[in-house]
Amino acid sequence: MQTITQTLVKETIKKRATQTHKGSFGKLLIIGGNAQFGGAVILGSSAAVYSGCGLVTTATDPHNFTSLHARLPETMVIDFTDKQTIQTILKKVDGVVIGSGLGETPSSLEILQFVFQNIQANQKLIIDGSAIDLIATHHLVLPQAHIIFTPHEMEWQRLSGIPIKEQSEANNHAAQQKLNATVILKKHHTEVYTNHETYQLLIGGPEMATGGMGDTLAGMVGAFVTQFSDNETKSILSAVYLHSFIADQVGKTQYVVLPHQLIKQIPQTMAQFSNQND
Ligand SMILES: NC(=O)C1=CN([C@@H]2O[C@H](COP(=O)(O)OP(=O)(O)OC[C@H]3O[C@@H](n4cnc5c(N)ncnc54)[C@H](O)[C@@H]3O)[C@@H](O)[C@H]2O)[C@@H](O)CC1
Ligand SMILES: Nc1ncnc2c1ncn2[C@@H]1O[C@H](COP(=O)(O)OP(=O)(O)O)[C@@H](O)[C@H]1O
Ligand SMILES: [Mg+2]
């Protein structure tokens, strides 16, 4: 198992070229947040915007429109049951994050299946939270796309069938191969399984054990793979590292790190890493 290092992050977060515009830094559609879990999609969308994604559209339950816009005017917002608009936006984006706070109702399932039917093979698809459970429960067939799963250990148990106690590197690797997707297995010392290699994160700690921390990571991963699209694995590993790196920094003086506090630190921490390239 390889360790995820700071060097990877420095290599990924390059100085921005001057002759660029918002279209140069990735377009992302984030789908999630039912009436109960609006916070999840607010955090994921905020994390994506603060990670530098050029254009973020959020598809969510209309209950969340006002709170989302009040906290994050930078995102565009649509009703997650509006299939026609989702289809139009799907044609324009580089990637989709689906599942954070999506819920597991028949309507949630319909949205997920609609995205599976319309996603294109060259697009990134980050599958988090409820979407992972929906796939496990309904035995959904995965579409052709660059798929990245972000399960915690319980979600991985449901998706892979491997009980938490038996989630060894060999067992996880075999399940990842079957899925033919990247798997970010979230836990203390998160592991990342790609088609070629397994990586382990050695930073991060229990100051991160609070609701919304994984929703935040999903948004960061979405922003990184669409913005730094030349090396997908490095982008994924860098987002995973940065997330816990910031938590550890903030956690030096705080007992618990709130996801929205972590998100606020993303732009300046990214600048620190990109300046180290000089
Ligand atoms: N503010 C919000 O709107 C929030 C919405 N959330 C959404 O709520 C939905 C359900 O997700 P949950 O994860 O809460 O529910 P789950 O039922 O999938 O999993 C949570 C339970 O799994 C167990 N578990 C075992 N190992 C674990 C590990 N390594 N990490 C985390 N849990 C582990 C714990 O007992 C934990 O209570 C998702 O769609 C999620 O995105 C959550 O992210 C919480 C915050
Ligand atoms: N004790 C811990 N040590 C290190 N990282 C942790 C710890 N507890 C939680 N985390 C991290 O916090 C995030 C939690 O994700 P998740 O359980 O999906 O949260 P949520 O769904 O509530 O947003 C993961 O990135 C996980 O690795
Ligand atoms: Mg989660």
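Here, each number is a calculation from the coordinates, and none is a lab measurement. Just so you know, these numbers come straight off a predicted model, no measurement behind them. Ideal geometry is used to build each Cβ from the backbone, glycine not excepted, and the neighbour counts take in all protein chains shown.
For the range 1-32, the residues whose amide N sits under 15 Å from a probe point set 7 Å from the Cα of Ile203 along the beta carbon direction are 3-13. Quick check: net charge around Thr85, other residues with Cβ under 13 Å of its Cβ, Lys/Arg +1 and Asp/Glu -1? Around Thr85, the surrounding residues sum to +1. May I ask for the percentage of alpha-carbon pairs in the range 67-210 that lie more than 21 Å from each other? It works out to 47 percent of all Cα pairs. Among the chymotrypsin sites (Phe, Trp or Tyr not before Pro) found in the range 88-153, not one is both in a DSSP coil and sparsely packed, with 11 or fewer other Cβ atoms within 10 Å of its Cβ.
With each label modelled as a point 7 angstrom along the Cα→C-beta vector, the Asn231-Asn275 pair spans 2.3 nm. Seen from Gly205, the other residues with C-beta closer than 15 Å to its C-beta sum to a net charge of +1, counting Lys and Arg as +1 and Asp and Glu as -1. Between Gln2 and Ala121, the modelled label-to-label distance comes to 2.6 nm, taking each label 7 Å out from Cα in the direction of the beta carbon.
For the options Leu28, Leu112, Leu140, a Gaussian network treatment of the chain with springs between C-alpha atoms closer than 10 Å singles out Leu140 as fluctuating the most.
Compactness ratio of the chain: Cα Rg over 2.2 N^0.38 Å, N = residue count? So the Cα radius of gyration is 0.92 times the expected 2.2 N^0.38 Å. What the pair-distance distribution of the range 83-164 shows, using all Cα-Cα distances binned every 10 Å from zero, is 19, 53, 25, 3 percent.
Measuring how big the range 206-278 is from its alpha-carbon positions, Rg and Dmax come out at 12.3, 37 Å. Taking every Cα-Cα distance in the range 142-272 and sorting them into 5 Å bins starting at zero, the pair-distance distribution P(r) comes out as 2, 10, 21, 23, 20, 13, 8, 3, 0 percent. Stokes-Einstein diffusion for the range 162-236, with the hydrodynamic radius set to the Kirkwood value over Cα pairs and evaluated at 4 °C in a medium of 1.567 mPa s, equals 96 µm²/s. Highest GNM mean-square fluctuation among Val41, Val221, Val93, for the chain modelled with Cα contacts below 10 Å: Val93. Span-like helix criteria (full DSSP H runs; alpha carbon extent of at least 30 Å along the helix axis; mean Kyte-Doolittle hydropathy of at least 1.0) are satisfied in the chain by no helix.
Within the chain, antiparallel bridges make up roughly 20 percent of the DSSP beta bridges whose residues both belong there.
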